[in-house]
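Reviewing the structure listed below.
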């Protein structure tokens, strides 16, 4: 399965991210950073950020440390764990940072923290990604 390496530009062209207003800000050697400002489209029944937005941030930023999509490595989520620590309010700027914890032959383990504009932890999670390069 041939895959073009991901860049900031190609990552920011993902239609779901454009719809949700999520921006890929940084691709690092073992990390990546995404950001979103909580708006009306993200509201849950109570008026804060919907948990699905936070889960989407955890799931998506996990793919962007350099050895994964930016290296052209096709992969897919096989496990996602999200822990909600505090609510995110309308107008909050949420920053999601992923850290590649383990890169094996068939699986990658990634941890993610989402903080608000005050640096307070909002959500943390882990993603296990299956590497598909040898599976095609």
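The table below lists the values:
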quantity	calculated
Viscosity 0.692 mPa s, 37 °C: Kirkwood-radius Stokes-Einstein D of the range 24-66 over Cα pairs, µm²/s	292 µm²/s
Per-residue Cβ neighbour rank within 10 angstrom, fewest leading, 13, 105, 97, 23	105, 13, 23, 97
Residue-span extension gain [residue 106 to residue 3] - 0.36 nm each, minus C-alpha spacing	35.4 nm
For q = 0.19, 0.28, 0.29 Å⁻¹, Debye-computed log10 I/I(0) when each Cα of the range 1-53 counts as one equal scatterer	-0.73, -1.10, -1.13
Taking 14, 27, 114, 41 and counting other C-beta atoms within 10 Å, the order from fewest to most	41, 14, 27, 114
Angle in degrees between helix 51-61 and the longest Cα principal axis of the chain, rounded to the nearest 10	30 degrees
Percentage relative contact order, the chain, counting C-alpha pairs under 8 Å, at least six apart	26 percent
Within the chain, helix-based [θ] at 222 nm, where runs of 4 or more DSSP H residues each add -39,500 (n - 2.57), nearest 500	-4000 deg cm²/dmol
Whole-percent pair-distance distribution, where bins are 10 Å wide, for the alpha carbons of the range 56-99	22, 48, 22, 7
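All of the numbers you see were taken from the coordinates with simple rules; none came from a lab. Just so you know, these numbers come straight off a predicted model, no measurement behind them. Please note: Cβ atoms are built from the backbone with ideal geometry, for glycine as well, and neighbour counts cover all protein chains shown.
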